[in-house]
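Worksheet: the structure to be examined is printed underneath.
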């Protein structure tokens, strides 16, 4: 396996007495769309600021492209594109003019044709002459991604890029991130507090909570579509548990609270369990299948 693109080990960062990041470790490989997942306040943005050398960690190490960020800051960042929080532009200028200015600031020579190609890539073809002031939030996010591509970096870091977007905007940014990997062979690190978002677009992920990395691995392995926790709202809890255990002796059925029971099942068993309970004259008021990782993540968020 190639050397990691990013390797973070035992990172910590304090602001006064507050320890925003306590012990975060993770590895990003070339070609990953890597999900950096955690509830709000988990330490995601602080970690990303450390990655971008915007703030200095108190301890731990960060290597990007195999080199220490503290010792090789300029060399590393010349090959990294990022959006931290929301992109900011000169609203009274056009999209093309904004990209030209940011290219000059970055010391990059970019031809007009290249800028037009970048705008087309992010879905803003034909809008290059329009002023930013008239752009929607989603269009600004996509323009921000175009901005990250100006110096042709190998690594893109996006901090909560879909926050505040409507459903259509989320889909557009999500598809754009996937195209960064498949069409431009970029490695992408994507922070989010939404498990469902990471499931759709990331191939690897780490979950952090309260400044610590909790679990890391392949999204396919962590989010097993077959392993579900089925929650059932049922009329007679005690009889339902008895009936289920009589019919399925190996099934682990739990009474969660009130009229809700929970049992681990494979996906194809959900309609079978429902039909069985109905045939036993139970009134099934609701069925909610949840993946085990989703349940785990919700426990983290609520902790």
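Any read-out appearing in this document is the output of simple, stated calculations on the displayed coordinates, not a laboratory observation. This one's a predicted model, so the numbers in the text were calculated from it and none came from an experiment. Please note: Cβ atoms are built from the backbone with ideal geometry, for glycine as well, and neighbour counts cover all protein chains shown.
Helix content alone sets the calculated 222 nm mean residue ellipticity of the chain: runs of n ≥ 4 DSSP H residues at -39500 (n - 2.57) each, divided across all residues, give -10000 deg cm²/dmol. Applying 0.36 nm per residue to the separation of residue 256 and residue 183 and subtracting their alpha-carbon distance, the gain on full extension is 21.6 nm. Rounded to the nearest Å, what's the spacing between the alpha carbon centres of segment 97-153 and segment 223-295? Just the number, please. Spelled out, the Cα-based centre of one part sits 51 Å from the other. Over the chain, with a Gaussian network built from C-alpha contacts below 10 Å, which listed residue (81, 133, 217) shows the highest mean-square fluctuation? So, out of 81, 133, 217, the one fluctuating most is 133.
Rounded to 0.05, the FRET efficiency of the residue 130 and residue 203 pair, given R0 = 30 Å and the Cβ-Cβ distance, is 0.30. Put in order of Cβ neighbour count within 10 Å, fewest first, the listed residues 284, 188 become 284, 188. Average projection, convex hull of the Cα set of segment 35-107: 6.6 square nanometres.
Summed over all non-identical Cα pairs, the Kirkwood treatment of the chain gives a radius of 21.7 Å.
Label positions at residue 88 and residue 279, each projected 7 Å from the Cα along the C-beta direction, are separated by 6.5 nm.
Taken along its principal axes, the alpha carbon cloud of segment 184-259 reaches lengths of 56, 26, 19 Å, longest axis first. Beyond 15 Å, the tail of the calculated P(r) for segment 109-172 holds 53 percent of the Cα pairs.
Taking 7 Å steps out from each Cα toward its Cβ at residue 268 and residue 210 produces label points 4.1 nm apart. Placing dummy labels 7 Å off each Cα toward the beta-carbon, the span from residue 288 to residue 54 is 3.5 nm. On the principal axes of its alpha carbon atoms, segment 227-302 extends 37, 26, 20 Å, with the longest extent given first. Label point of residue 68 set 7 angstrom out along Cα-Cβ; within segment 21-59, amide nitrogens under 18 Å from it belong to 50-59.
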